[in-house]
Amino acid sequence: MSLVESVLKRPTGSNLLAWVLLLTGLYSATSLTREFFPESSPESASVTAIWPGAAPEDLEEGVVRRVEDALVELDEVDRVTASVLEETATIMVEFRESVSDVDKAVDEVQRAVDAIPDIPAEVERLTVTEFEPVLPVIMLNAFGDADEIVRKRVLKDIERDLRGMTGMGRLVLTGIRDDEISVEFDPLASVQVGRSLPEIAGQIGAAMDDGPAGTVLGADRITTFRGVGREESVEAISDIRISGPGGSWPLSDLASVDATFDDTPIRSRYAGVAGSGATGTITVYKTGDQDAVDIARMVRAYAAGRRDAAGRDQPRLSWGWFERFAASVYASSDAKIDLRSKAQKAYETGYTAPGLLPEQIDLSISSDLARFIEGRIDLLARNAAMGGVLVFVLLLLALSWRTAWWVFVGLSLALCGTLTFMALAGTTLNLLTMFGLIIVIGLLVDDAIVVSENIESYGEAGHDPETAAILGTKQVFWPVTATIATSIVAFLPLSFIRGQIGDLMGALPAVVACALITSLIESLLILPIHMKHSLAARPKRAKRGWSAFRDNRLLPTLQDGHAWLLRRALRRPALTVSIAISTSIFCLGLVVAGKPPFEFLPTSDSETVIAELRMPVGTPVGETEKIVRRIESAARSMPEVKGVSGLTGAQASVDDTSGMTLAGTGSHLGQVFIELLPVESRVRESKTVTADIRDRIGPVPQAERLVFTEIQGGPAGRAITIEVASEDDARRQAAVDALKAVLAGVDGVVDIGDDDPGERRELRVEAKPSSITLGLSESSIGQQVRTGLLGSVAHRFALDGEEVDLRVRLDNRTRRSTAAMEQSWIVSAMGIPVPLAEVASLREATAPASIRRVDRRRTTSVVADCRPDLSPETAMQAIRPGLERVQLEFPGVIIDEGGRQRQLSRAFASLPIGFLAATIGIYMILCLLFASMRQPIAVLASIPFGIIGVVLGHLLTGYNLTFLSLVGFIALSGIVVNDSLVLVEFFNRKKAEGVETIEALMAAGRRRLRPILLTTLTTVLGLLPLMLEQSFQAKFLIPMAISISFGLISATVLILVVLPALLVLFDTSRAEPSTH
């Protein structure tokens, strides 16, 4: 007894399987983790070095170069990138694609770093960690005219509440300064004591530290003595006594001791619909398998609870039906049964938080990138539902209503099974996996149609329901199995894509495989049982109405029309194939000519725009703030702008994978975060709004750079990135200037700049010969000057979750004046004070504010954006001749494409191997099914003809070709092979019965016409709502839908007309034409 017969005679197991798939699928749909894109696995490590007081050049020479030299010897390392700031250096180590065990590779990096000799003793930490990508989800702003202390207390309370919530992401506070205890000395204090500032700082630190004082071994016990430091308060610290050659003094007699904030000149503001004022921000990041939507809903609910408790006006939160039900159960059970969502609990936490919001403080939500996840997943779900309804209506029209119903049930069970497999495999629900479910609808329906229609044909031939189900299923068992296998293999090339794009696309083949395997199980083990009952319940009366018209008039008319066209195509098979080849070549020529243009990844609309301002080094913070406020004013004048946050004195680097980090500080830096209204609440795209803001600001000649970037929550970055590497700073800068001129000459390229932060002012100490007689080295003089200017951390302790520094330095008046510093005093090792001007000279100079290195060379990235009507790939075609000229002009400088262009080259470099592997795999499967090595070539030869519909579809709809268009072509090739496979199988069966080649093809075409047309129409209708979607959020995916839909329309003609002509040409059994 075969498997099919066993299932049909004992259906209990299959029925149970159907219920298991349905119930587990429904549960999985509500429990899958939601995110924007699949999590990227960068397979890299970071090495962090901290050297207090060190300039970027000191860190580069003393640490970074040595680490690079050690890492370049490792086989696992592919690329080393270093970012060197003041006091901190971060070295990113990217591993090769062949590295399978990242943990082991990180250990190798750790061992290599540990073995580096001669790391400066002043380096506090040299740590190696595996790089973990994070995604910014949402920002919570606390703003108003309250004192900074009050604002910080509110933010700390909020942070504590949010950290206590289950599933909350990583929290980062910005816009508030760290607490600090400042000990500031008059320049003459060291003269009075006879000790240098570093020595005084050492005495203070020794008085504050706890530590073991020794152990005494007694007769019957061991006693350990421990020294107890002073209480960490201003009063206790003021009482510390400082000793010198002439006596000792209380610290309060020598210096002012104050609890304050660190001396960072950063100003931040917020202005939105709820109000304006100085602001502090909590940015929440998703890490690991956390659900971004849950995180955002908790933050929104908590903020709403705090504002409701304070009596602030705001729209009421909307809760789902289950959340309302859970709230009523919770209330009626006296809080004993708690089914509430995380968001409901977060609202309660905010509403019942101790202490109301101060009157001068309000809360607002900004940069809510989770809305993109919710919006796009809802968009796809809505379009999938609409497409499903259209597919069901088509099935009702094309098949009997019972068959249509069971085919649609089979589709639903296959999708439920796919969700179950996704949950078991840890696959998330994101933009690409959702679209993967949509594009396989045609494949899933095709399998079900083949099986159900074949069973129904046996039933109409007079067989009883069980026999019809057995014979109909067994006849197509192996062809259907082969179609599933070829479809899975067709998506194999996506597994070969490398880099970040490979991480994104890698989930698609897995989802497709899960869906197709589930569909195979449903079509062969569950659907035949349903069809058996359907045949048994079918009335015995003759067909009438639509069924009679469809089967007796409409279908025969379509079959006769197809037969007329096919017979004429088969009379001249070579001409038919030549026309198809010529049309395909013509379409490829259009692509080469840039019609339609190719764009790697289209930039979708954004709700957060960032303006980055860089003034000349040394610009007073007040002048920088004037320009920042000018940008804010221009942004607020736009009706699409919801809120504006300004930052002066610093810039944050906001990245879609590594999160927000401090990119640099200085009075010449500024940044403005512009929050736009939701995409559904405005008619203009973010790029258009940004262009208007830029025009409203007008020229800013005093600025070195003013660029606008958009945060989109996915793979993004600047449109054009070119990396210029050289150890010769002058030649590198000259090459950068030349490249900027090349970019400026391309119409449509805007916001041209580079990532060089410029130079910072520094005070250089040069020892005089007289210092030697006093035993003062240049190093000791520099240490005393650095302590006076920047301060020395004498002690560090934890308070309310943050580290508080006890910093010793000169008073503010002395630090702010070079002349005053020159009049300060230096104390020799013998305790002899001497004026600084007698032993050293101070000279103001400039040095790099930060240094970026790629593969052991200093590197500057030239970046630019493109206007909406120009794709980056088209722009790069115009730029490359200029790049070659600049490379010839600067032979010692390495010029290479980076960013988006590097991702593109890496992604396409591996695709040919994937296509070759997929082609070989499909060919082997077809060889086994057809028992022929020639017929599979005819089937495979029909795949490239699908390019006709892909190109013409993009031209007709006005969309550019994108990387996702190629993914759609891959999906299309699977459908083409599937439809071709069953047609060829029916052709072979007729040939085996002795039917002549032409007539066998005519019969196979007539038999497969309805299933092929249904496959085409169901797939097109399933994707039609998405293609007609006008929202900005759908534009990212529409090119893929266009490739599948229009490509399938053209492929239908190919399968029904051109493939038979190919089979005639490949058929060796035909009689040779007579020569007479």
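Bear in mind these aren't lab numbers, they're just calculated from the coordinates by the rules spelled out. Here the structure is a predicted model, which is why all the values come from computation and not from measurement. We place every Cβ from the backbone using ideal geometry, glycine too, and count neighbours over all the protein chains shown.
Label separation (residue 583 vs residue 692): 4.5 nm, computed from points 7 Å beyond Cα along the C-beta direction. Summed over qualifying helices (DSSP H, 4 residues or more, each -39500 (n - 2.57)) and divided by its residue number, the chain shows a 222 nm mean residue ellipticity of -16000 deg cm²/dmol.
Note on residue 107/residue 955: beta-carbon distance plugged into 1/(1 + (r/R0)^6) with R0 of 60 Å gives a FRET efficiency of 0.65.
Across the options 136, 116, 457, the greatest Cα extent toward the positive end of the charge dipole of the chain (unit charges at beta carbon of Lys, Arg, Asp, Glu) belongs to 457. A simple packing score, the average count of other Cβ atoms within 10 Å per residue, orders the peptides 474-483, 290-299 as 290-299, 474-483, with the highest score first. Over the chain, the fraction of Cα-Cα pairs per 20 Å bin, rounded to whole percents and listed from the shortest bin up, is 10, 34, 31, 17, 6, 1, 0.
Stokes-Einstein, applied to the Kirkwood radius of segment 242-394 over Cα pairs at a viscosity of 1.567 mPa s and 4 °C, places its translational diffusion at 64 µm² s⁻¹.
Cα centroid separation, segment 810-867 to segment 68-133: 28 Å. Between 0 and 90 degrees, the angle of helix 911-930 with respect to the longest Cα principal axis of the chain falls at about 30 degrees. Calculate log10 I(q)/I(0) of segment 499-624 for q = 0.16, 0.19, 0.21 Å⁻¹, where I(q) comes from the Debye formula with a single equal point scatterer on each Cα and nothing for solvent. Here the Debye-derived log intensity ratios amount to -1.12, -1.11, -1.18. With the simple model of a label 7 Å out from the Cα in the direction of the Cβ, residue 378 to residue 572 spans 5.7 nm. Evaluating kT/(6 pi eta Rh) at 37 °C and 0.692 mPa s, with the Kirkwood radius of segment 44-130 over Cα pairs in the Stokes-Einstein relation, gives 255 µm² s⁻¹. Between 0 and 90 degrees, rounded to the nearest ten: what's the tilt of helix 778-790 against the longest Cα principal axis of the chain? Between helix and principal axis, roughly 80 degrees. Packing-based ranking of 876-883, 985-992 yields 985-992, 876-883, ordered from highest to lowest mean Cβ neighbour count within 10 Å. Here the peptides 863-870, 44-51 are ranked by packing, the mean other Cβ count within 10 Å, and the order with the highest first is 44-51, 863-870. Dipole orientation for segment 258-416: of the candidates 329, 414, 319, 414 has the Cα lying most toward the positive pole (charges on Cβ; Lys, Arg +1; Asp, Glu -1).
Helix 899-909 and the long axis of the chain differ in direction by around 40°, with both axes built from C-alpha atoms.
Here is the size of segment 3-84 from its Cα atoms: Rg then Dmax, 28.1, 82 Å. Each label was represented as a point 7 Å from its Cα along the Cα-to-Cβ direction; for residue 802 and residue 186 these points are 3.2 nm apart.
Look at 463, 954 and count the other Cβ atoms within 10 Å of each Cβ; fewest to most, that gives 463, 954. Based on Cα contacts under 8 Å between residues 6+ apart, the chain shows a relative contact order of 17 percent. Taking the Cα centre of the chain as origin and assigning +1 to Lys and Arg Cβ atoms and -1 to Asp and Glu Cβ atoms, the resulting dipole is close to 5480 debye. Treating segment 309-427 as a set of equal point scatterers at the Cα positions, no solvent, please give the Debye-formula log₁₀ I(q)/I(0) at q = 0.10, 0.18, 0.19, 0.23 Å⁻¹. Rounded to two decimals, the profile gives -0.61, -1.14, -1.18, -1.30.
With the biggest extent put first, the Cα atoms of segment 933-985 measure 40, 16, 15 Å across the principal axes. Rounded to the nearest whole Hz, the Karplus-based 3J(HN,Hα) values (6.51 cos²θ - 1.76 cosθ + 1.60, θ = phi - 60°) of segment 389-399 follow the sequence 5, 4, 4, 5, 4, 4, 5, 4, 6, 8, 10, with x at glycine and proline. Kirkwood's formula applied to the C-alpha pairs of segment 874-989 gives a hydrodynamic radius of 17.6 angstrom.
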